[in-house]
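Read-outs: derived from the displayed coordinates by stated rules, not from any lab. Note that the structure is a prediction, hence the values are computed from the model and not measured. Counting neighbours? That spans all protein chains shown, and the Cβs are built from the backbone with ideal geometry, glycine included.
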Amino acid sequence: MFGEFDTSVIFDNLHFLLEGMQTTLILTVIAICGGLVLGTLLALARLAPFKPLSFIAGSYVNFFRSMPLILVIFWFYFLVPHIVGRPVGGFYSVLVAFVMFEAAYYCEIMRAGIQSVRKGQIYAGQALGLTYTQNMRYVVLPQAFRNMVPILMTQAIILFQDTSLVYVVGVKDFLVSADLVANRENRILEMFTTVALVYFVICLSGSLLVRRLQRKFAQ
Amino acid sequence: MNYNWDWGVLIREPYFEWLVSGFLWTISVSVAAWILAFSLGSVVGIARTTNSKLLRGIGTCYVETFRNIPLLVQMFLWYFVFPELLPEDAGMWVKRELPMPEFTTAVVCLGLYTASRVAEQVRAGIEAIGQGQRNAGLAMGLTPAQVYRYVLLPVSYRIIVPPLTSEFLTIFKNSSLALTIGVLETTAQARQIEEYTFQGFEAFTAATLLYIIVTSTVMLLMKLIEGRLRIPGMISLGAK
């Protein structure tokens, strides 16, 4: 019970745990950036007037959205070395998996965001003689991004939590580091409680921030 | 890319049985967890719309706690930490005599986690109806419980069918996390086939197809049901 809750194990291994957290954060940030870029391209493809293009983008999104993230991680952990032709290590496989997977979700958010821009704006852009690309770049996307900021941030928090799934292929993120310490020092109770608390504090601060932003945008 | 294709592996003994049993575990975990999530989620969601500050506070705490801890960490908490926190006898019972410990833990964990998401949808559904209907019910002399039973809930559940469908699909996909505590469901079996035969491509394709088939079937079915349940003049909505 909590009577023998030993906090020293946390401080003794602090450096190791922080390294794990660093991996978690790097993974999150790269997955967000990659996912955003690929997701935006997908969303543009999905809304493009050229039918085959929007069909392909739509299939991509539906495909990834009907698969569990763990299965996607296993897929890429198995596939990436085959495609590259040499072992690349868990981290890079997982990174590819996250970017591809998140892109499907970001695409849907983007699409909703782009569709939330009023039609009149697009017509106005066209009337001014802007090309399709210019219209997207200067008129539609800046407004769409603004509408999407809260949802994008919520998705980032979800992604931050989801990175813990790299556990299944043993990439040393925050959770796996804590798990290693827990088993080595036989301190399962302390380590997992700490991990839960750390995630909780980070994610709760994140969602409170999102709520404040939402209120600000709603004004 | 040199790879020895062998699709036959999927129908060979014992790998075919592995896939079938994995699929059945996936379905059992998802359905059992969904029953828990739906009932508890409804209670928590309703609690967050009542006038009682205490009930609202409890509901909010529940939702924030379960939403802000990664599901995998929750899985480990229930499996490794929870039995340690119980009084000695109860802890022993959970460790030694709990029937199907991995399955039960996975169902409880997934159920409680998804309940927090269902609660948000239920709350959004009730809030979408607006204060007017509630006041009208109270003015007619209905008790608060009757207002919920006859006025608010029948309408709100019909509004939130689409988001609830996607919550069910989420629980179905999340059931794959049960593999981390040793439930041999679809993804775990695919992984195991890969390890035994090195036919990863075939094994993962089979698992992917199983997930896609279920997801598409559920979506198709719910489209039909949604059409029947839709309230004319109201657009469906959900919490984000």
Check: How many nm separate the modelled label positions at B:SER166 and B:LEU98, each set 7 Å beyond the Cα in the direction of the Cβ?
Finding: 3.2
Next item on the list: Ignore the peptide's own chain and count Cβ atoms of other chains within 10 Å of each Cβ in A:188-200; give me the average, rounded.
Entry: 5
Notebook entry, point to check: Which whole number gives the average count of other chain Cβ atoms within 10 Å of the Cβ atoms across peptide B:73-85?
Noted result: 5
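For the cross-link pairs A:LYS51/A:LYS119; A:LYS119/B:LYS173; B:LYS95/B:LYS173; A:LYS172/B:LYS95, which exceed 31 Å when the distance is taken from alpha carbon to alpha carbon?
Cα-Cα > 31 Å for A:LYS119/B:LYS173; rest within.
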Item checked: Relative contact order for chain B, counting Cα pairs under 8 Å that sit 6 or more residues apart, in percent -> 30
Item checked: Taking B:SER28, B:SER156, A:SER116 and counting other C-beta atoms within 10 Å, the order from fewest to most -> A:SER116, B:SER28, B:SER156
Check: Within segment A:1-42, what residues put their amide N at less than 17 Å from the label point 7 Å along the Cα-to-Cβ vector of B:THR65?
Finding: A:2
Margin query: With just the Cα atoms defining each centre, how far is segment B:83-134 from segment A:1-78? Give it in Å.
Written below: 26
Notebook entry, point to check: Hey, rough spin-label estimate for A:ARG215 and B:LEU224, points 7 angstrom out along Cα→Cβ, what's it come to in nanometres?
Noted result: 4.7
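Taking each residue in B:193-206, count the Cβ atoms of any other chain within 10 Å of its Cβ, then average. What number comes out? Don't skip to the answer; put the middle values down first.
Details: counts 0, 3, 0, 0, 0, 1, 0, 6, 4, 0, 2, 9, 1, 0.
For peptide B:193-206, the averaged partner shielding equals 2.
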Check: How far apart, in nm, are the 7 Å Cα→Cβ label points at A:LEU208 and A:HIS15?
Finding: 3.3
Notebook entry, point to check: Which FRET efficiency, nearest 0.05, do B:TYR196 and B:LYS53 yield, Cβ-Cβ r, R0 56 Å?
Noted result: 0.45
Notebook entry, point to check: For chain A, list the DSSP H helices whose alpha carbon atoms reach 24 Å or more along the long axis and whose average Kyte-Doolittle value is -0.5 or above?
Noted result: A:14-47, A:90-115, A:141-162, A:188-218
Checklist line | the protein assembly as shown: C-alpha gyration tensor shape, a/c 1.5 cut-off, then a/b vs b/c | finding: rounded
Margin query: Can you classify chain A as rounded, prolate or oblate using the Cα gyration tensor, where a ≥ b ≥ c are the square roots of its eigenvalues, rounded means a/c under 1.5, and otherwise it's prolate if a/b beats b/c and oblate if not?
Written below: oblate
Note to self: Can you tell me how chain B classifies by the Cα gyration tensor, rounded, prolate or oblate, using a/c under 1.5 as the rounded cut?
What the structure shows: oblate
Notebook entry, point to check: Which whole-number percent is the relative contact order of segment A:61-173 (Cα, under 8 Å, 6+ apart)?
Noted result: 32
Note to self: Neighbour counts of other C-beta atoms within 10 Å: give me A:THR7, B:THR205 arranged from fewest to most.
What the structure shows: A:THR7, B:THR205
Item checked: Exposure proxy ranking, count of Cβ atoms within 10 Å, fewest first, for B:ILE213, B:ILE46 -> B:ILE213, B:ILE46
Note to self: Can you return the lysines within cross-link range of A:LYS216? Criterion is Cα-Cα under 18 Å, with same-chain partners fewer than 8 residues away left out.
What the structure shows: B:LYS240
